[in-house]
1. Counting only residues that are touching a Pro at 6+ places or on another chain (Cβ under 8 Å) and under 26 Å from residue 512 (Cα atoms), how many does region 174-214 have?
2. Going by the structure shown, is residue 540 crowded, with 19+ Cβ neighbours inside 10 Å and either under 21 Å from the mean Cα position of the chain (by Cα) or over 28 Å from residue 235 (Cβ atoms) (or both)?
3. Within region 513-557, considering only strands (runs of 3 or more DSSP E) that don't extend past its boundaries, which have at least 1 residues that are modelled with pLDDT under 95?
4. State all residues of region 442-463 that are of a type in the set (D, E, K, R) and surrounded by fewer than 22 Cβ atoms within 10 Å (Cβ to Cβ); if no residue qualifies, say none.
5. Take the conditions touching a strand residue (DSSP E or B) at 6+ places or on another chain (Cβ under 8 Å), surrounded by 16 or more Cβ atoms within 10 Å (Cβ to Cβ) and not acidic (Asp, Glu) and apply them to residue 553. Does it pass?
6. Scanning for something assigned to a loop (DSSP other than H, G, I, E, B) and of a type outside the set (A, V, I, L, M), does region 362-378 turn up at least one residue?
7. Could you tell me whether residue 382 is in a strand (DSSP E or B) and in contact with a His (Cβ under 9 Å, 6 or more places away or on another chain)?
8. Filter region 418-454 down to the residues that are in contact with an Asp or Glu (Cβ under 9 Å, 6 or more places away or on another chain) and of a type in the set (Ser, Thr, Tyr), then identify the one that is modelled with the lowest pLDDT.
Amino acid sequence: MASGPDTTPASAGPGSPRDPQAAPTTPGDAPDEGARRTPGAETAPAADGPRPGDEASDAHAPGAGRGEPAGPGRLRRLGALARREALRTALAAVAGCALGLAFPPYGLWPLSLVAVAALALLTRGRTGRQGAWLGLAFGWPFFVVLLKWLHVVGWDAVIGLAFLQGLFLALLGSALALVSRLPAWPLWGACLWVGEEFLRDRFPFGGFPWGRLAFANTGSPFTPLAALGGAPLVTFAVALAGTLLAAAALAAWRLRPAAGRAGRTARAWATGAGALVLAAAVGAAGLAVPVPTAADDSVRIAVVQGNVQQPGMDFLGRPMKILNNHVEATLDLARRVEQGKEPKPDLVIWPENSSDLDPYKFPEAGNRIDEAVKAIGVPVLVGALVDHPTKEGYVENQGIVWDPKKGPGASYTKQHPVPFGEYVPFRDQLSKVITRLQRVPRDFWPGDHTGVLQTGPARLGDVICFEVAYDEIPRDTVKDGARALVVQTNNATYGNTGQPEQQLVMSKLRAIEHGRAVVTAAPSGISAVVAPDGTIEQRTEEFTQDVLTARLPLRDGLTVADRVGAAPEWALAIVGLLSCAGAWILGRRHGTVRGNGRRNDGVRDDHHTHQHPAQARPEGHQ
């Protein structure tokens, strides 16, 4: 993570008042039975299909479309719209908050299934614009709960980033509404969740992968699927199970006594039971996946957590403070080794920014590192910010192998600097408006190769901080020959906020995905040693000085996820996109009603049914 002196980290437009001629609908009946409901059927607040007038049907109002000012009638209609969508919007917001609680520090992973099911029901049968609104109502609160640790920078940063990320969920909500009219809609919905994460992981400025469903499920039955298809396959499985639960809930709603037509009960039972069985099968599939853990070799390591002077934005304290903390902890380890109280490690790992001064530029920093390395007598992987050798004004975030005899040697430069934390896009323009960005005085320069480093007897793969969240960086590092992964990180800015826990579970998932032990080293915690099966074998507390020692397994084999790479993610995202295209084409072919009461073929439909023949299926058919 960004650290050190160079670091900081619609309105519900759709819809109009309910058409008085339209028959009320229920969650179980729409869109499948929306055109066949009889007057007097009871109305339910959730998961119903597009109601008459849900798309802006104000085209029939006096003055509509002629640029005339909105009169009392228009305001009344808007007020009715707000009242009609208020409950559904509130339910979406509650579901989004529930999804936030599925992630650490709460870790209530079953809520991820509940939240996915809720969004599927709320958007089912809605218009694209309504789905987008519900997606935003779901996504914005979700990211506020998830990213509340950013309040250290400012609550405006929390709200702003949460809104921007929520826009991706708005797109997802619109797409879910569109494909909900298709057969097998739970499958297409699950693919769309993968597609949404595909986009959010890459755009803008290289993406922000926080909040993926997979990261809420690092200790659930779905987790082992990461060994087959990485984080995207875990997300797909969670989303599929959630949407299948939504289908089961829909079938259960149709079984209520008020639904009538007892002849359809058998089909509804079959649909509900089938959805539940499939959801259970998806979860059980994860338990059947073998996770490779057998070690080809092992090394003894020590992980030094030197601690910082204080948490928050000004964690650095006085110069050399953090470096001296790590030097003293390493010297203490060397004394214990010499006294026979501790076995000598084969290598030592320091965290990101463990040297708060450039050891190449400031001799006092280099000398102190050299003192500690010679005392322990084995190579130390040091984290430091160093000036770029040729790009004046730029800095590099590096992991440096420091040998007791040769001094500093091979190094890895972080490939994916954090925007607005380690570099400022459009600096000249934005810094004039957002003065807080001046706390990032220099931009970080990205590295151009993976972090495979020979550190003593071990070939380690260095991944720095947020890079653990991006699929391609750990995967490429393993495929380039890393036998274990090291995550050098610095979470001192966000200590005791839940952010370190959120990052630690990513290490758990990467361990299973790549069949590699993962070592997390942080100056203020949480430092940890994670086994190849995702088990956290050791961990430190936050804001303490500590040293972990462990026998680290080294592995050479590749998992299926390593071999297939990003192919599952691309395939699932493309299927989701094609399902949207198919739903749109079918809607036009069958003359789906527009919000102005006209079918796409231009023929006036005075009943505003919003239903095309493909939706007139027997109840219970999915």
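The values are calculated or read from the model by the stated rules, or taken from the named source; none is laboratory data. Keep in mind that this is a model prediction, so the values were computed, not measured. Note: ideal-geometry Cβ built from the backbone for every residue, glycine included; neighbour counts use all protein chains shown.
1. The number of residues fulfilling the criteria is 7.
2. Working: crowded, with 19+ Cβ neighbours inside 10 Å: yes; either under 21 Å from the mean Cα position of the chain (by Cα) or over 28 Å from residue 235 (Cβ atoms) (or both): yes.
Answer is yes for this residue.
3. On the way: elements: 518-521, 528-530, 536-539, 546-554.
Passing ranges: none, list empty.
4. The first filter runs over region 442-463 and keeps only residues of a type in the set (D, E, K, R), leaving 442-443, 448, 459, 462.
Listed by number, the residues that qualify are 442, 443, 448, 459.
5. Details: touching a strand residue (DSSP E or B) at 6+ places or on another chain (Cβ under 8 Å): yes; surrounded by 16 or more Cβ atoms within 10 Å (Cβ to Cβ): yes; not acidic (Asp, Glu): yes.
Criteria met by residue 553.
6. Initial filter on region 362-378 (assigned to a loop (DSSP other than H, G, I, E, B)): 362, 377-378.
Those left that are additionally of a type outside the set (A, V, I, L, M): 362, 377.
Scanning region 362-378, I find at least one residue that is assigned to a loop (DSSP other than H, G, I, E, B) and of a type outside the set (A, V, I, L, M), so the answer is yes.
7. yes
8. Top of the filtered list is 423.
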